[in-house]
Amino acid sequence: MAQPYSALSTEEIKGKLEKFYQLYKIYQGEDLKLDMSRGKPCTQQLDLSMGMYKVLEDTRDFFSEDGFDCRNYGILDGVPEAKRLFGELMGVPEEQLFIGGNSSLNLMYDALAKFMLLGNARSERPWCREEKVKFICPVPGYDRHFGICEELGIEMINVDMLPDGPDMDAVEALVAQDASIKGMWSVPMYSNPEGTTYSAETVRRLAAMKPAAPDFVLMWDNAYMVHHLEKERRDSLPNILDVCAEYGSEDMPLVFTSTSKISLPGSGLAIMAGSRRTMAYMKKRILAQTIGPDKINQLRHVRFFKDVDGIMAHMEKHAAIIRPKFELVDTMLHRHLDGREIGRWSRPYGGYFVSFFTLDGCAKRVEQLCGDCGVKLTAVGATYPYGKDPHDANIRIAPTYPSLEELQKAMEIFCLAVKIASLEQAARERLAA
Ligand code: PMP
């Protein structure tokens, strides 16, 4: 069993560093180009959905089930069969859905831009007329959520992620006392990057919140709702709209998902849902913005997947491809780091990421060491608002895109970088002592 690095003598630290620098130099000479930076499906996963392009070509039937010619203008919120399919998948009545373009992130940006410019269904005035607008951001979290807030001038407040979701004591206290807090981000299932699924109790407490802002919005980004890795289902998430209805807060959540990592990122379908009141308001605004989305893509998706069982069977094929990659990451981290007390990491049962924590103050150095060896990681800090990780500790590992061989090499280098960065820090501490 390896010793904790903190228990090593100064001589032992020096000796190990020497040895690891030599190994590092060998890797550096290999001229590698490995990318673990973004949660992208690999080519084999993308190939699973190519049949989607055949179904319409074969039949050349472009009519929706109510006889609408989907090649033409019209239908704002989705063709009936697509609304039925995704309504069933998300557990939302069809009339409370909006099937938009190709990106849920785009729908989220657009929703918040609308609230800034016009307010939402419960606002007294547009948010841009408020002196300050703030959002609660569970951390670590999804960099692009934080990017939207930064772009729109919404001030972000960090709240820690705990094993069962955001720290609800902190969230409840914040929203109750500060009316400038207009909303909160959440990735409630297999969160990015932690892989955490909110517990039923967390969901209940979110639904029961009493925000000081009357137009508070719970941004419920359920991007990974069917992205299970294991056959045995350990994580489950209550339906936020149903739970909110029990507390009379059904106008608070705005629910998002997309088929980006079911079919094809960039060529999928994005979906928004909310209460009747919320969606009536949103659709009215969207009516001024567009004549309608790509309905042919909706037909393509419905005819390819057919029903919810079809989507679930398809997701099992994705899982079969990426599960070994998550297992490899976990195995390598255990093999190289166990006992040394220089890092901890998540072991998600779904989603696209592993969240790794170095010792405080080491993450940037790990990123640099990996980068100089040709291993690209998500920029350190990106998992926190304004790109600032207060502990310089969190690193998001995205294992899906590289091949197993590439991933193995990348993780060897990653583990070596974690060891070097931790030993360098230990050496510095000894010098300072
Ligand atoms: N939300 C989360 C939590 C994500 O991780 C991602 C993709 N990385 C997205 C949204 C983006 O989804 P889309 O492709 O639908 O814009």
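The values are calculated or read from the model by the stated rules, or taken from the named source; none is laboratory data. Keep in mind the model is a prediction, meaning the values are calculated, not measured. Glycine gets a Cβ as well: all are built from the backbone with ideal geometry, and neighbour counts include every protein chain shown. Note: accessible area is taken over every heavy atom of the protein model, side chains too, but ligands, DNA and RNA are not part of it. Shrake-Rupley method; radii C 1.70, N 1.55, O 1.52, S 1.80 Å.
Per residue, how much accessible area does the stretch 1-126 show when a 1.4 Å probe rolls over the protein heavy atoms, in square angstrom?
Solvent-accessible surface per residue comes out at 55 Å².
Are there GluC sites (Glu not before Pro) in the stretch 103-164 that DSSP puts in a loop and that have at most 10 other Cβ atoms within 10 Å, and which ones?
E124, E131
Across the stretch 21-180, how many lysine pairs, 8 or more apart or on two chains, come within less than 28 Å at their alpha-carbon atoms?
Count of close lysine pairs: 7.
Dipole magnitude of the stretch 191-282 about its Cα centre, charges +1 at Lys/Arg Cβ and -1 at Asp/Glu Cβ only, in debye to the nearest 20?
80
Using DSSP to call loops (not H, G, I, E or B), can you name the trypsin sites (Lys or Arg not before Pro) in the stretch 374-433 whose Cβ has at most 16 other Cβ atoms within 10 angstrom?
K388
Sort all Cα-Cα distances of the stretch 104-261 into consecutive 10 angstrom bins from zero, then give the percent of pairs in each bin up to the one containing the longest distance.
Distribution as computed: 11, 43, 37, 8, 1 percent.
Using Cα pairs closer than 8 Å and at least 6 residues apart in sequence, work out the relative contact order for the stretch 133-230, in percent.
31
Relative to the longest principal axis of the C-alpha atoms of the chain, give the angle of the C-alpha long axis of helix 168-177, reported between 0 and 90° and rounded to the nearest 10°.
It works out to around 60 degrees.
Could you give log10 I(q)/I(0) at q = 0.09, 0.14 Å⁻¹ for the chain, computed by the Debye formula over C-alpha point scatterers of equal weight, without solvent?
-0.62, -1.28
Say the dipole of the stretch 326-433 comes from +1 at the beta carbon of Lys and Arg and -1 at that of Asp and Glu; which of S355, A426, C415 then lies farthest toward its positive end?
The listed residue farthest towards the positive side: A426.
Which three lengths, in whole Å and largest first, does the stretch 259-298 cover when its Cα atoms are put on their principal axes?
31, 22, 13
If one takes the longest principal axis of the Cα atoms in the chain, at what angle in degrees, from 0 to 90 and to the nearest 10, does the Cα axis of helix 143-152 lie?
60
Kindly provide the chymotrypsin sites (Phe, Trp or Tyr not before Pro) of the stretch 48-126 that DSSP labels as loop, not H, G, I, E or B, and whose Cβ sees at most 12 other Cβ atoms within 10 Å.
For chymotrypsin sites (Phe, Trp or Tyr not before Pro) across the stretch 48-126 that sit outside H, G, I, E and B with at most 12 neighbouring Cβ atoms in 10 Å, the list reads Y73.
Considering every pair of different Cα atoms, what Kirkwood radius, in Å, is found for the stretch 1-109?
20.4
Using the crude model of +1 on Lys and Arg Cβ and -1 on Asp and Glu Cβ, and no other charge, please compute the dipole size for the chain relative to its Cα centre, in debye to 20.
Rounded to the nearest 20 debye, it is 520 debye.
For K231, give me every one of the lysines with a C-alpha distance below 20 angstrom, ignoring sequence neighbours fewer than eight places off in its own chain.
Output for K231: K261, K317, K325.
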